[in-house]
């Protein structure tokens, strides 16, 4: 059975109201969520500064407090712009935070580029840069996931493929954090169901679940993404990785998560039910 998970920006309102991320994770675990993505800007007591930066030295408590839970760390950096280096302050903090929360699993860092709309350089040039970032995680015996966001899918996919090719036998250390909803952002007219069907399970580290209908929704429900088609495509390819909710934060986050989980099960997802 596929595991359910949560991205910590689901808790943005709760964190802003003073809730501790540790307590929110504890509640998530009690409800049966087994994968937690720790998203920069929504790390609560585990980040500091205007950027803000994760605090790796304090984050080991999470893997110690929640054994068996799989954590990854997610940061926003311009990794698709040539010249971005592995010694970038945010990347470095994210890398060591991923190492701190790994526990029994491989350290896992996820990147998203929210500032690059068009990839100006060749796929090979950008791919070589992504490969160098991946090698920084390989040094920690970890993996790197990259998420498509504002860029045309064809450009992003070409750079991803070039990076995996450059990595050779280490190509599987680079994965996609796949979010079908993000395919709507660039306006390049791709069909999310067709793109999902074109993927291979070994390329994916996780799938994010959210929904839009004239704007972001606070639950996964009927809307712009056909989640029944997504479930069918993922089942057809044999995907067995986690499904992480990334719904808009709301005061009723727990009931919204439960509603979203139930909806995805109705669409054909066979993930084990949260409790």
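With a simple spin-label model that places each label point 7 Å from the Cα along the Cα-to-Cβ direction, the separation between residue 64 and residue 194 comes to 5.2 nm. Residue separation of residue 115 and residue 17 scaled by 0.36 nm, minus their Cα-Cα distance, works out to 32.4 nm of gained length. Our analysis of the stretch 112-211 gives Rg over Rh at 0.95, with the two radii drawn from alpha carbon positions and Rh computed by the Kirkwood formula. To the nearest 0.05, what FRET efficiency results for residue 124 and residue 184 with a Förster distance of 22 Å applied to their C-beta separation? Calculated transfer efficiency: 0.20. Working from the Cα coordinates of the chain, the gyration tensor eigenvalues give, after taking √(5λ), semi-axes of 26, 24, 17 Å in decreasing order. Each Cα pair under 8 Å and six or more residues apart adds its separation to the average, and for the stretch 166-228 the resulting relative contact order is 35 percent.
Every number in this text was worked out from the coordinates using simple rules, so none of it is lab data. These figures come from a predicted structure and were not determined experimentally. Ideal geometry is used to build each Cβ from the backbone, glycine not excepted, and the neighbour counts take in all protein chains shown.
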